[in-house]
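Below is one structure, written out as structure tokens, with a few remarks after it.
The values are calculated or read from the model by the stated rules, or taken from the named source; none is laboratory data. Note that this is a predicted model, so its numbers are computed, not measured. Note that each Cβ is placed from the backbone with ideal geometry, even for glycine, and that neighbours are counted across all protein chains shown. Side chains included, ligands, DNA and RNA excluded: accessible areas come from the protein's heavy atoms. Shrake-Rupley method; radii C 1.70, N 1.55, O 1.52, S 1.80 Å.
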Amino acid sequence: MTTVAEIVEVPTYVSDDEVDKSETVDNGNKKRAKKRQRNWVEEMVFNNTEEAEEVVIKENQWSYHYTNTTAAGKKKFFRCNKAKARGKQCDAGIYLLFESTNDKVVLFRTTSDHTHDDIQEKPSRIPTEVKKIIQDLFELKLKPKAIVEVLHERGIALPSIHQLNNFLRTIKSTKLGPTSISLGEIEQWCLESSQSIPESDDTPFVASYQIIYDDENENEDIDDDDINENKFRFFITTKRLLQIASRSKKIHADATYKLLWQGFPVLIVGTTDLDRHFHLFGMAVCSNEATQDFRFIFRALQEGLQKLNLEEINPDFLITDGADAMRNAFQDVFGEKPMVMCWAHMRRKVVKKIESMVEKSKQEDLVNDIESLQLAQNERIFMKASTLFVKKWSKTELNFIEYFQNEWLTTHNAWYEGVGHFTPSTNNALEAINNVIKKENTLRERLPVSRFKVLAFEIVEKWSKCYERGLKQYNYKQTISLELWTSGYQWVKSNKSILSTECDNLVQYYIPAGNETKITNGEIDVVKKMKWYSFDQYKKKAFNIWSVTLPVDKLKWLEGVCNCPAFFKKFMCKHVVGMAIRLNYCKPPPAAKNIKIGEKRRRGRPAKSKKALLMQ
């Protein structure tokens, strides 16, 4: 005999998020959470609405809360205004019943007493002493999370993140001004900031500015691109920074778009000293990044020097990322001068092309050959080596070679190390300044122009005061580090065979590179006459002999030059220092001779001493 199983319906799934939080479980049965119960007692009856509302207003302790529509009529509820509107309410209350059958209005009141004094609420405001601490922490460039951590470590009652953000927003508004600005307000600000040159060397001012409205096209100095378009440009600097500019022979320039949320570029211009440290001339904010914008910043630099009666800058090189607008503007202002293409920018662009155009098995060899070509020591070597490079790779990678010739051997061909002595081959020093501005000044927050102009004054003033405080200085001679002294001293002790020739108060020394100790006149002749018939021969023979040129006057040995890659990159190398030591032009400091004796200790616990008469 078979039994029929009872069919039971399976209940539907209910997630924890869908459970009514107002219900609780009691002995397996659900019941709703206890609601606030209030007893209402009829108190007064009015003939019209005006009389009823007049009584409510006269008591001066009730605020409108909500309205319900019932069968008896509309009920208008009022709450005790001694309690916060958002939060726990006072038990006392009243409501007006507008009867649906007649014009009478009935006032009902609760039997409960007022309980607003018993309601404990969190303080709605940040205490004044805590505000002062938060403001000091904000001046130290701390972000909200860091401020909360500091307050917690100091044992201070923490405000809510909403309160903190609101207060920080108030500080920014007070310090930096409103978030919006008009073209006329920018013009008024520039006019006030450029009327007179401050007496202090470190007080910033607007050296030059241009405001172009869309209905102004009669100015002959305005380019065609400026017509029928609102534009603004202003350049901020200090007297001290302009004094540095007047003595400089090379200019670094670049633009960054990651500082202003409107997308306007901030243009940075400066120079590097012989220690490769970057020195700012000033900062410009423009509405675009075209030729006329870069032309403005170069002319503004000259105008600032003229106002201070300083010698106008006459640079030998412009180091940049190769933008055509910047190159054209530089030539318009300073004439036909070489423009050094930043090797870091060039390499990134070329590597991307190689990855998309060349087989993966050949990519590494091609990149290595381009890096060897970049180490060319002068224009003659670069032209010869680039011809050999094209000859080598055009057989297998013709498409890439056509791109490389058009872009990097014709249009932008000044990216090799030997473009000029004491001239950086990259724009990395300026790029690092852009990173400092974002990290330390704007805290990586994009600001509107109205606020950034205030912050720009602070940035320029801070950089200018670094020189007054001795935190920074412009070095006209290379600083020889202890590491370089040590390398030069160790190189001298290798006792390499060196050949020399003298001409016009200069002595040229030929030094074997690497581990070689001797060279011959024939090897020198191969390098001087560039007897390379393939690119592989260039890679092998162009870097096996270094040439160090020193003045006959031993006091001027720091003016010596070398054709090794280290010298081109750092403006000094162990060969120049070592030759000066070898010729007794200088003496290394004693610390450079403190070379460790013996081999470096191996990892792990040292071995115990063995017994007597046994070799350790």
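Every residue, every condition in (1) in the same structural domain as residue 190 (by the TED database); (2) open to solvent by 40 Å² or more (accessible area, probe 1.4 Å); (3) more than 27 Å from the chain's Cα centre (by Cα); (4) not polar (S, T, N, Q), yes or no:
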{"site": "283", "(1), (2), (3), (4)": "yes, no, no, yes"}
{"site": "291", "(1), (2), (3), (4)": "yes, no, no, no"}
{"site": "301", "(1), (2), (3), (4)": "yes, no, no, yes"}
{"site": "308", "(1), (2), (3), (4)": "yes, no, yes, yes"}
{"site": "312", "(1), (2), (3), (4)": "yes, yes, yes, yes"}
{"site": "319", "(1), (2), (3), (4)": "yes, no, no, yes"}
{"site": "326", "(1), (2), (3), (4)": "yes, no, no, yes"}
{"site": "332", "(1), (2), (3), (4)": "yes, yes, yes, yes"}
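Taking residue 494 as the residue in question, decide whether it is assigned to a helix (DSSP H, G or I), open to solvent by less than 60 Å² (accessible area, probe 1.4 Å) and of a type in the set (Ser, Thr, Tyr).
no
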Review point. Within the bounds of segment 346-369, is there any residue that is polar (S, T, N, Q), outside the structural domain of residue 545 (by the TED database), within 28 Å of residue 528 (Cα to Cα) and part of a loop (DSSP other than H, G, I, E, B)?
Key: no
Point to revise | From 566, 513, 592, residue being at pLDDT 90 or above, within 30 Å of residue 276 (Cα to Cα) and surrounded by 15 or more Cβ atoms within 10 Å (Cβ to Cβ) | key: 566
**Study point:** All positions within segment 398-421 that are more than 34 Å from the chain's Cα centre (by Cα) and closer than 23 Å to residue 344 by Cβ
**Key:** 401
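To keep it simple, each residue is scored yes or no on (1) among the hydroxyl-bearing types (Ser, Thr, Tyr); (2) in a helix (DSSP H, G or I); (3) modelled with pLDDT under 90; (4) within 44 Å of the chain's Cα centre (by Cα).
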| position | (1), (2), (3), (4) |
| --- | --- |
| 539 | no, yes, no, yes |
| 543 | no, no, no, yes |
| 548 | no, no, no, yes |
| 578 | no, yes, no, yes |
| 600 | no, no, yes, yes |
| 604 | no, no, yes, yes |
| 613 | no, no, yes, no |
**Study point:** Answer from 372, 361 - the residue that is surrounded by 14 or more Cβ atoms within 10 Å (Cβ to Cβ) and under 24 Å from residue 402 (Cα atoms)
**Key:** 372
Point to revise | Among (1) open to solvent by 40 Å² or more (accessible area, probe 1.4 Å); (2) of a type outside the set (Asp, Glu); (3) closer than 28 Å to residue 393 by Cα, the one test that residue 554 misses | key: (3)
Check your understanding: If you check residue 355 against the conditions, is it within 24 Å of residue 256 (Cα to Cα) and charged (D, E, K, R)?
Key -> no
**Study point:** Residue pairs meeting the criteria (Cβ under 7 Å; at least 6 apart or on separate chains; first under 30 Å from residue 99 (Cβ atoms) and open to solvent by less than 100 Å² (accessible area, probe 1.4 Å), in segment 74-88; second part of a loop (DSSP other than H, G, I, E, B) and small (Gly, Ala, Ser))
**Key:** 80/92
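Here's the yes/no breakdown for (1) polar (S, T, N, Q); (2) assigned by the TED database to the domain that holds residue 254; (3) modelled with pLDDT under 90:
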residue: 459; (1), (2), (3): no, yes, no
residue: 462; (1), (2), (3): no, yes, no
residue: 499; (1), (2), (3): no, no, no
residue: 503; (1), (2), (3): no, no, yes
Check your understanding: If you go through segment 330-337 one residue at a time, do you hit one that is under 25 Å from residue 442 (Cβ atoms) and not acidic (Asp, Glu)?
Key -> no
Exercise for review: Collect the residues in segment 383-402 that are touching a residue at least 12 places away in the same chain (Cβ under 8 Å) and part of a helix (DSSP H, G or I), keeping them in residue-number order.
Suggested key: 384, 385, 386, 388, 389, 390, 391, 392, 393, 399, 400
Practice item. Go over the candidates 96, 137 one by one and state the one that is in contact with a strand residue (DSSP E or B) (Cβ under 8 Å, 6 or more places away or on another chain) and modelled with pLDDT of 90 or more. Key: 96
Check your understanding: Given the residues 407, 445, 458, which is the only one that is crowded, with 16+ Cβ neighbours inside 10 Å, out of contact with any strand residue (DSSP E or B) (no Cβ under 8 Å at 6 or more places or on another chain) and without any contact (Cβ under 8 Å) to a residue 60 or more places away in the chain?
Key -> 407
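How many residues are outside any loop (DSSP other than H, G, I, E, B), open to solvent by less than 10 Å² (accessible area, probe 1.4 Å) and under 24 Å from residue 444 (Cβ atoms) if we restrict to segment 257-279?
6
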Point to revise | Lone unmet requirement of (1) more than 16 Å from residue 548 (Cβ to Cβ); (2) exposed (fewer than 12 other Cβ atoms within 10 Å of the Cβ) for residue 481 | key: (2)
**Study point:** Total residues in segment 497-514, condition part of a loop (DSSP other than H, G, I, E, B), touching a residue at least 40 places away in the same chain (Cβ under 8 Å) and within 12 Å of residue 550 (Cα to Cα)
**Key:** 1
